[in-house]
Each structure stands twice: as structure tokens, then as C-alpha cells.
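Below is one structure; the comments refer to it alone.
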């Protein structure tokens with residue numbers, strides 16, 4: 001019978017992006033939607049750094065392999081959703097990481113969303129020009 005694979009799941013969200021992060025013991029390989037992370041984010045170093053922040057903060061960059069499925073939103077929202085998911089998966093792996101990740105603010109879900117456009121207005125907050133006469 002096959003041995004059960006040690007794996008931790010973390011779900012991260014930001015704006016309309018949702019990321020499912022599977023954390024497995026390994027060498028530090030990051031795969032996003034079946035592509036290496038540097039190919040998925042078109043060699044954007046800042047987004048690469050955003051993703052690695054929880055791993056660097058907990059000193060686990062070479063301890064786990066990450067398998068990530070992400071959908072919705074834009075690239076920045078997806079990167080921040082991945083960061084949130086990685087932080088949650090690390091907490092599932094070990095409770096010792098929680099205070100470090102909480103202090104850095106990686107466990108808090110950023111609730112800011114786009115405000116809807118209202119009828120009778122050109123945008124969410126903008127109004128048509130008012131003239132008394």
C-alpha cells in the first residue's frame with residue numbers, strides 16, 4: 001500500500017483572485033498553474049518577492065515545495081492571494097510559524113474590493129456636474 005503524502009493546504013484570496021496552495025516537504029520548488037513561478041509571472045522580480053515573503057520570514061524557503069492553483073483577478077492580486085495561501089499553509093504545517101506570520105500581516109485577508117458603479121452616476125463615486133441654472 002502506498003504511503004500517505006505529507007501535504008498542507010492553504011487557501012488565499014485577494015480582490016477576485018483565489019489561490020489554493022499545497023505545501024509539501026521538498027527543496028523549495030514553486031509551481032504555479034503547472035508552470036515555474038518565474039515563467040508564470042513573466043520574470044517580474046517584485047511579484048516573485050511578494051510570493052516568497054512568508055517563506056523568507058519563517059526561514060523555510062528551501063524546506064518545502066509549493067504546488068499552487070490560482071484563478072481570477074490580475075497578476076498582482078494573484079501574487080497577493082498566493083502569499084496569503086502560503087502563510088495559511090505554513091500555519092497548518094507548524095503552529096510555531098503563526099506569531100511570525102501574524103506580526104508580518106500575512107495572515108490577514110485584505111478585504112478591499114472594487115466599489116460598484118451606481119445608477120445615475122458615471123462611476124462609483126463620481127457624479128455628473130451639477131448646475132443650479
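Per-structure values
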| item | result |
| --- | --- |
| In the stretch 4-26, the residues that are in a strand (DSSP E or B) and out of contact with any strand residue (DSSP E or B) (no Cβ under 7 Å at 6 or more places or on another chain) | 13, 14 |
| Top-ranked residue of the stretch 85-120 - restricted to ones that are in contact with a strand residue (DSSP E or B) (Cβ under 7 Å, 6 or more places away or on another chain) and not in a helix (DSSP H, G or I), ranked as farthest from residue 8 (Cα to Cα) | 110 |
| Flag for residue 72 being within 12 Å of the chain's Cα centre (by Cα), surrounded by fewer than 19 Cβ atoms within 10 Å (Cβ to Cβ) and at positive phi | yes |
| Residue satisfying condition, being out of contact with any helix residue (DSSP H, G or I) (no Cβ under 9 Å at 6 or more places or on another chain) and modelled with pLDDT under 95, within set 26, 73 | 26 |
| Test: residue in the stretch 54-67 that is touching a residue at least 60 places away in the same chain (Cβ under 8 Å), within 17 Å of residue 10 (Cα to Cα) and in a helix (DSSP H, G or I) | no |
| Conditions (1) touching a strand residue (DSSP E or B) at 6+ places or on another chain (Cβ under 8 Å); (2) not in a loop (DSSP other than H, G, I, E, B); number of the one not met by residue 79 | (1) |
| Given (1) more than 20 Å from residue 24 (Cα to Cα); (2) out of contact with any helix residue (DSSP H, G or I) (no Cβ under 7 Å at 6 or more places or on another chain); (3) surrounded by fewer than 15 Cβ atoms within 10 Å (Cβ to Cβ), number of the condition residue 96 does not satisfy | (1) |
| Given (1) touching a strand residue (DSSP E or B) at 6+ places or on another chain (Cβ under 6 Å); (2) exposed (fewer than 13 other Cβ atoms within 10 Å of the Cβ), number of the condition residue 29 does not satisfy | (2) |
| Some residue of the stretch 39-49 being part of a helix (DSSP H, G or I), free of Cβ contacts under 8 Å to residues at least 40 places away in the same chain, closer than 14 Å to residue 13 by Cα and under 14 Å from the mean Cα position of the chain (by Cα) | no |
| Residue, surrounded by the fewest Cβ atoms within 10 Å (Cβ to Cβ), within the stretch 49-68, restricted to residues that are in contact with a strand residue (DSSP E or B) (Cβ under 9 Å, 6 or more places away or on another chain) and more than 12 Å from residue 23 (Cα to Cα) | 52 |
| Counted residues, the stretch 75-109 - those being more than 15 Å from residue 37 (Cα to Cα), without any contact (Cβ under 8 Å) to a residue 60 or more places away in the chain and within 12 Å of the chain's Cα centre (by Cα) | 3 |
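The values are calculated or read from the model by the stated rules, or taken from the named source; none is laboratory data. Since we're looking at a predicted model, the values are computed, not measured. Note: ideal-geometry Cβ built from the backbone for every residue, glycine included; neighbour counts use all protein chains shown.
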